[in-house]
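Written out below as structure tokens is the structure these notes cover.
Nothing in this text is a laboratory measurement; each read-out follows from the coordinates by a stated rule. Remember, predicted model here, so these are calculated numbers, not experimental data. Using ideal geometry, Cβ is built from the backbone for each residue, glycine included, and neighbour counts are taken over all protein chains shown.
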Amino acid sequence: MSLRVILRILGLLLMLFSLTMLPPTLMSLWFRDGVWSAFIIGIAISVATGLLLYLPNRHSQKELRIRDGFIIAVMFWTVLALFGSLPLMLFGDGSLSITDAVFESFSGLTTTGATVITGIDFLPESILYYRQQLQWLGGMGIVVLAVAILPTLGIGGMALYRTEIPGPLKDSKLTPRITETAKALWYIYATLTIACMIAYMLAGMGWFDALSHSFSTVANGGFSTHDASIGYFDSAMIEMICVVFMLISAFSFSLHFIAWREKSLLHYFQDPEARFLMLFLLALAVITVLSLWLTNTYETERGLRHGIFQVVSVATTAGYSVADFSMWPGALPFLLFVAAFVGGCSGSTAGGMKVIRIILILKQGMREIMRLIHPNAVIAVKVGKVSVPDGIAQAVWGFFSVYVLLFFLMLVGVMATGVDQVTAWSTVGSALNNLGPALGEASTNYGDLPSFAKWILVMAMLLGRLEIFTVLVLFTPAFWRR
């Protein structure tokens, strides 16, 4: 492990990240909202810090190892989210406290979508745009963007790529070169964003709202330029466009790449993970819509619209809203919230534990039941036609065990700050799954939570975004041994 190489890379990445504050600066000048100075100061501080990290170590050249990748990935998300909070602290009279600004920045970059801000409709346009842009950058993983750029600066990217991308994409590349793989993913991501923006504009959104919401829709982030979220527009067409792009973004981007390369949609129906997600959402939507109809919560048309929208939005961890689902009757709020623990497909922009892990947990459980009936039988766990090695199945159970343990520890921590049980478990679950909406006192926003509870949730967001083990491995003594 080379500390100087790591510092050099972090310095480069921080300076590159400072460039992302230029578009909101231009937005501020365009709309004349007077916030441009906050972004200029943010750029100056980020560039200065990046130079302090880079210049003393600029001659350090060494191939990255997987261990270095873990450190850079965690430090990268942490450092960028911290520096990304600068404009949120510095703009006008409505500036946020350090805790709230860091919370909002982490929520944006990790695509969680939880907010501490009230009166979003009255924020300066450049700040609104900046929040949405943070989610867009975090959606595909800004580390993957760095992987596409860093090789031109003489820095290998495979170690970063492996620590950032979960699931099937970890050990298989879509193209022979890692740089080309990262570029291919970003081309698809950018194309979906443009298509989503155009669709929103055709449905009646103004260009600014369309651009902003396309960023957070494709990222499955959930930030909006309005307090009422997508419900502000009260448009069935806009809601259905949002549903389509949330669903597309919840599928693995490797499937999108294969579908584009082979000009075929069959892969979506042949892939076990995508098939499971579609059936899961369909079943959940049927239950939700029928419940809304039978309880006379909405009339037929609005019950269908709101039911389908909220199911897809919550289950894919996007977190948009057209209605306050926390007030829906019976077990519906709990049912929808638990669906977010499943999340989207591995290699997608969605959060949650990922569908492939749920499939493996279910199949592993069925295997144990069959072993009780047939103790001497050799039973393989299969996903589709592929047998899954026992090591992977055990790793999934390990992930689930650690996930539950961390959830419990953070739940106790948040409750210790004086937060009630419903609010505590829903905010921790929302942060750990990168969902956004919560129940109880945080059903509208997280602004009234104690500061210490917000810092616990910030850690939960980071753990969820980097799939837990990438962060926890840094706290093991074995990691630091030579």
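The number of Lys pairs in the chain with C-alpha atoms less than 27 Å apart, excluding pairs fewer than 8 positions apart on the same chain, is 25.
Between segment 228-305 and segment 393-420, how far is it from one alpha carbon centroid to the other, in angstrom? Using only Cα atoms, the two centres lie 29 Å from each other. Over the chain, DSSP H runs of length four or greater, each weighted -39,500 (n - 2.57), average out per residue to a 222 nm ellipticity of -20500 deg cm²/dmol.
Peptides 300-310, 403-413, 335-345: what's the order by average Cβ count within 10 Å, highest mean first?
In decreasing order of mean packing, 300-310, 403-413, 335-345 become 335-345, 300-310, 403-413.
Two tests apply to each whole DSSP H helix in the chain, Cα reach of 18 Å or more along its axis and mean Kyte-Doolittle hydropathy of at least -0.5, and the ones passing both are 3-18, 36-54, 66-84, 125-140, 178-202, 236-250, 272-294, 300-315, 355-373, 390-416, 451-465. Near Phe341, once Lys and Arg are set to +1 and Asp and Glu to -1 for all other residues with Cβ below 12 Å from its Cβ, the sum equals +2.
Could you list Ile45, Ile379, Ile188, Ile456 so that the one with the fewest beta carbons within 10 Å of its beta carbon is first and the one with the most is last? Could the numbers behind the result be given before it?
Numbers: Ile45 15, Ile379 12, Ile188 19, Ile456 23.
Fewest-to-most Cβ neighbours within 10 Å comes out as Ile379, Ile45, Ile188, Ile456.
Footprinting exposure proxy ranking of Ile6, Ile287, Ile369, fewest other C-beta atoms within 10 angstrom first, gives Ile369, Ile287, Ile6.
State, to one decimal in nm², a quarter of the convex hull surface area for the C-alpha atoms of segment 1-76, i.e. the direction-averaged projected area. Please report the intermediate quantities before stating the final value.
Numbers: hull surface 21.2 nm².
One quarter of the hull surface, i.e. the mean projection, equals 5.3 nm².
Among 98-107, 251-260, sorting by the average number of other beta carbon atoms lying within 10 angstrom of each residue, highest first, gives 98-107, 251-260.
For Thr417, what charge total do you get from the other residues with a beta carbon under 15 Å from its beta carbon, if Lys and Arg give +1 and Asp and Glu give -1? The partial results should precede the final answer.
Numbers: positive: Lys454; negative: Asp420, Glu441, Asp448.
Result for the neighbourhood of Thr417: -2.
Computed from these coordinates, which is Cα extents along the principal axes in Å: [x] 83, 66, 29; [y] 65, 55, 53; [z] 69, 60, 41? Given [x] 83, 66, 29; [y] 65, 55, 53; [z] 69, 60, 41, the calculated one carries the label [y]. Rounded to the nearest 20 debye, the dipole size of segment 339-451 about its Cα centre is 720 debye, using +1 on the Cβ of Lys and Arg and -1 on the Cβ of Asp and Glu.
With a/c under 1.5 counting as rounded, go ahead and sort segment 427-468 into rounded, prolate or oblate using the C-alpha gyration tensor (a ≥ b ≥ c being the square roots of the eigenvalues; past the cut-off, prolate if a/b is larger than b/c, else oblate). Display every interim value, and only then the final one.
Working: a/c = 2.99, a/b = 1.48, b/c = 2.03.
Oblate.
Remark: the Leu3-Lys263 segment gains 89.1 nm on full extension, using 0.36 nm per residue and subtracting the alpha carbon distance. Taking the Cα centre of the chain as reference, the dipole from Cβ charges on Lys and Arg (+1) and Asp and Glu (-1) amounts to some 2160 debye.
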